[in-house]
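Structure record follows, encoded as structure tokens.
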Amino acid sequence: MGRTPVYFLSHGGPNIMEQTTHPAYAHLQSIGLEMTQKVRPKAIVVFSAHWQGSPNTIEVNTAESRDLIYDFYGFPAHYYDMKFPNTGSPDLANRVMELLGQAGIKAEGVKRGLDHGVWASFMCAFNPEKNPLSVPIVQVSLFDSDDPYQHYRLGEAVSALRDEGVQIIVSGMAVHNLGDMWKASMQPGPMPYAKSFDEALKSAVEQKPEAREEAMVSLLKRADARRAHPSFEHLLPIHVGAGAAGEDVGRQIWTMPEGSMSWALYRFGEVAA
């Protein structure tokens, strides 16, 4: 197996699991098939916008058996009975903590369920009936901080996993402003910042690797940054992914600004033929 690529998924809300005609659903399916049929990793390490450790400590899920976390509200009752088959890997979790320690990053193991930033998008990409996922999943937290450099270093620290057959997936949203959803629904097209920030993110991700970090750090300083992301936890996963990419080039696979959101999907690195 060659070096695995890194994927950024815009995961949306849990309703994407049932919106099978939404364009994002088909693109998440396509990415899932690419992973299971071409990349074929032996395990997945995933970072989600919905889990932040502490400002200076990363948490790693060491559980072998986990329930799902239904970290959303206002959805139909059956959403809270959804199941996504999954297993963890204490050995891989320990390997992640070993790499973080070598990079001078404090880490601790915890036992936790999978939040919807993981399982909702995975239900599309790895539908249990159409494209089941048969490898362990280890979820790792973000820092509870807005520091893009800190998150880039986090990605760099776990990059070696890619040479060990492990798939790194980072899950957030290219643009994420829940507060403007109602206002956006009254507009004929996406909010202006949804388009402008989405374009800026593409430009930053697709920079040459030696210029990428500073370009991505600059995203948080843009005039439209706090409109696109009132809080940065849905943006910072892609900084982790870019850090894990190393010298590999980032490429936007697909995007769709919609209302006060954007569904952009990215891959760093190539899929071996």
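Any read-out appearing in this document is the output of simple, stated calculations on the displayed coordinates, not a laboratory observation. Note that the structure is predicted; figures quoted are calculated from it, not measured. For neighbour counting, all protein chains shown are included, and Cβ atoms are generated from backbone atoms with ideal geometry for every residue, glycine included.
So that you can scan it fast, the table gives a plain yes or no per residue for (1) outside any loop (DSSP other than H, G, I, E, B); (2) closer than 20 Å to residue 88 by Cα:
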position: 119; (1), (2): yes, yes
position: 134; (1), (2): no, yes
position: 138; (1), (2): yes, yes
position: 141; (1), (2): yes, yes
position: 159; (1), (2): yes, yes
position: 179; (1), (2): yes, no
position: 190; (1), (2): no, no
position: 193; (1), (2): yes, no
Q) Only one residue in 53, 74, 13 is more than 26 Å from residue 247 (Cα to Cα), touching a strand residue (DSSP E or B) at 6+ places or on another chain (Cβ under 6 Å) and not β-branched (Val, Ile, Thr). Which one? A) 53
Q: Go through the range 121-132 and give me each residue that's assigned to a loop (DSSP other than H, G, I, E, B) and in contact with a helix residue (DSSP H, G or I) (Cβ under 9 Å, 6 or more places away or on another chain).
A: 126, 127, 130, 131, 132
Q) Of the residues that make up the range 164-173, is at least one surrounded by fewer than 22 Cβ atoms within 10 Å (Cβ to Cβ) and assigned to a helix (DSSP H, G or I)? A) yes
**Q.** Residue within the range 213-229 that is over 21 Å from residue 51 (Cα atoms), in a loop (DSSP other than H, G, I, E, B) and either among the hydroxyl-bearing types (Ser, Thr, Tyr) or touching a residue at least 40 places away in the same chain (Cβ under 8 Å) (or both) present
**A.** no
**Q.** Unmet requirement for residue 129, which otherwise passes all of (1) in contact (Cβ under 8 Å) with a residue 24 or more places away in the chain; (2) surrounded by fewer than 19 Cβ atoms within 10 Å (Cβ to Cβ)
**A.** (1)
Q: Tell me which residues, restricted to the range 125-135, are within 17 Å of the chain's Cα centre (by Cα) and either within 26 Å of residue 220 (Cβ to Cβ) or not aliphatic (A, V, I, L, M) (or both).
A: 126
Q | Filtered residues of the range 1-30 (kept if over 21 Å from residue 50 (Cα atoms), assigned to a helix (DSSP H, G or I) and touching a residue at least 24 places away in the same chain (Cβ under 8 Å)) | A | 23, 27, 29
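Here is a list: 157, 215, 211. Which entry is farther than 22 Å from residue 47 by Cα and more than 16 Å from the chain's Cα centre (by Cα)? Spell out the reasoning first.
Working: 157 fails: farther than 22 Å from residue 47 by Cα; 215 fails: farther than 22 Å from residue 47 by Cα.
After applying the criteria, what remains is 211.
What residue, of 26, 77, 63, 43, is of a type in the set (A, V, I, L, M, F, W, C), touching a Pro at 6+ places or on another chain (Cβ under 7 Å) and surrounded by fewer than 23 Cβ atoms within 10 Å (Cβ to Cβ)?
Criteria check complete, one pass: 43.
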(Q) Among the listed residues 195, 183, identify the single one that is over 23 Å from residue 50 (Cα atoms) and buried (at least 16 other Cβ atoms within 10 Å of the Cβ). (A) 195
(Q) Could you tell me how many of the residues in the range 230-250 are within 15 Å of the chain's Cα centre (by Cα) and either without any contact (Cβ under 8 Å) to a residue 40 or more places away in the chain or not in a helix (DSSP H, G or I) (or both)? (A) 2
Q) So which residues in the range 168-193 are out of contact with any helix residue (DSSP H, G or I) (no Cβ under 7 Å at 6 or more places or on another chain) and of a type in the set (A, V, I, L, M, F, W, C), if there are any at all? A) 169, 178, 181, 182, 184, 186
